[in-house]
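Take a look at the structure set out below.
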């Protein structure tokens with residue numbers, strides 16, 4: 001398992017001073033373009049939830065869509081998008097969350113998830129945890145059962161995991 005994690009970590013490009021000075025951006029596009037690396041990432045994340053019945057995978061816009069769709073396919077589950085405001089055409093639930101400077105929000109269709117369905121949330125990155133926590137609250141608003149949340153990368157120094165205590169099983173493949 002550590003070999004596969006090392007393979008993926010080796011494919012992630014570090015971009016210094018992006019989007020601003022002092023930040024090291026973990027660019028996953030270099031890993032996504034490699035078919036074998038993409039397969040390793042999807043297989044790893046799915047494997048972490050193999051013993052839990054998943055009815056739906058909910059991907060957070062936009063990179064959660066990249067991982068969420070193939071994971072839903074592999075887990076024999078439906079896919080539900082969690083989107084930025086005003087992107088979904090029917091009635092939505094929305095959840096606001098804190099940013100470094102101000103707030104933002106995400107939305108889910110009110111009828112996206114049946115009550116009691118087992119839901120796994122997926123995104124590419126866990127940083128401060130604000131977006132992920134908001135996604136967890138949205139899933140719970142639908143009456144569905146949140147079983148966990150999966151990330152490709154976790155930036156441990158930002159302590160985002162602390163905000164996800166009530167979100168079921170929390171998994172990240174790569175920790176920085």
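Just so you know, all these numbers are worked out from the coordinates, no wet-lab data involved. Because the structure is predicted, anything quoted here is derived from the model rather than measured. Glycine also receives a Cβ, built like all others from the backbone with ideal geometry; neighbour counts cover every protein chain displayed.
Taking the stated definitions as given, is residue 143 outside any strand (DSSP E or B) and surrounded by fewer than 22 Cβ atoms within 10 Å (Cβ to Cβ)? Walk me through how you get there before you give the answer.
Numbers: outside any strand (DSSP E or B): yes; surrounded by fewer than 22 Cβ atoms within 10 Å (Cβ to Cβ): yes.
Against the criterion (outside any strand (DSSP E or B) and surrounded by fewer than 22 Cβ atoms within 10 Å (Cβ to Cβ)), residue 143 qualifies.
To keep it simple, each residue is scored yes or no on (1) in contact with a strand residue (DSSP E or B) (Cβ under 8 Å, 6 or more places away or on another chain); (2) closer than 28 Å to residue 29 by Cα; (3) surrounded by 14 or more Cβ atoms within 10 Å (Cβ to Cβ).
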{"position": "79", "(1), (2), (3)": "yes, yes, yes"}
{"position": "82", "(1), (2), (3)": "yes, yes, yes"}
{"position": "87", "(1), (2), (3)": "yes, yes, no"}
{"position": "92", "(1), (2), (3)": "yes, no, yes"}
{"position": "103", "(1), (2), (3)": "yes, yes, no"}
{"position": "109", "(1), (2), (3)": "yes, no, yes"}
{"position": "119", "(1), (2), (3)": "yes, yes, yes"}
{"position": "123", "(1), (2), (3)": "yes, yes, yes"}
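State the number of residues belonging to the stretch 93-130 that are over 16 Å from the mean Cα position of the chain (by Cα), in a loop (DSSP other than H, G, I, E, B) and at negative phi.
Here the count works out to 9.
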